[in-house]
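To keep things clear, I will list the structure first and then write my remarks on it.
The values are calculated or read from the model by the stated rules, or taken from the named source; none is laboratory data. Being a predicted model, the structure only gives us computed values, none of them experimental. A quick note on method: Cβ atoms are made from the backbone with ideal geometry, for glycine too, and the neighbour counts reach across all protein chains shown. Quick note on the areas: whole protein, heavy atoms, side chains included, nothing else; ligands and nucleic acids left out. Shrake-Rupley method; radii C 1.70, N 1.55, O 1.52, S 1.80 Å.
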Amino acid sequence: MSLVNLIVTLVVVGVVLWAINTYLPMDRKIKSILNVVVVILVILWLLRGFGLLGDLGSIQVGG
């Protein structure tokens, strides 16, 4: 993953999240849940991109 690709992706995600928070009329609770989900997904993407997190397909929940 190149540094330029990383920065462009983070800027795009930030602008999209800002636009959703600013222009879409939603309840405050839904917006906060959306923000938390996006932040968690970006953190997981960064960890996987830097090689600190392995293949996410091998994770099993329950049993």
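Some notes on this structure:
- Cβ-Cβ contacts under 8 Å between residues 6 or more apart (or on different chains), taken from a first residue in region 39-52 that is over 17 Å from residue 17 (Cα atoms) and of a type in the set (Phe, Trp, Tyr) to a second residue that is open to solvent by less than 60 Å² (accessible area, probe 1.4 Å) and part of a loop (DSSP other than H, G, I, E, B), are absent.
- Subset of region 9-36 (residues that are small (Gly, Ala, Ser) and either open to solvent by 90 Å² or more (accessible area, probe 1.4 Å) or over 21 Å from residue 49 (Cβ atoms) (or both)): 19, 32
- Residue 42 satisfies every condition listed in (1) in a loop (DSSP other than H, G, I, E, B); (2) at pLDDT 90 or above except (1).
- For residue 58, the conditions (1) out of contact with any Lys or Arg (no Cβ under 8 Å at 6 or more places or on another chain); (2) modelled with pLDDT of 90 or more; (3) of a type in the set (S, T, N, Q) are fulfilled apart from (2).
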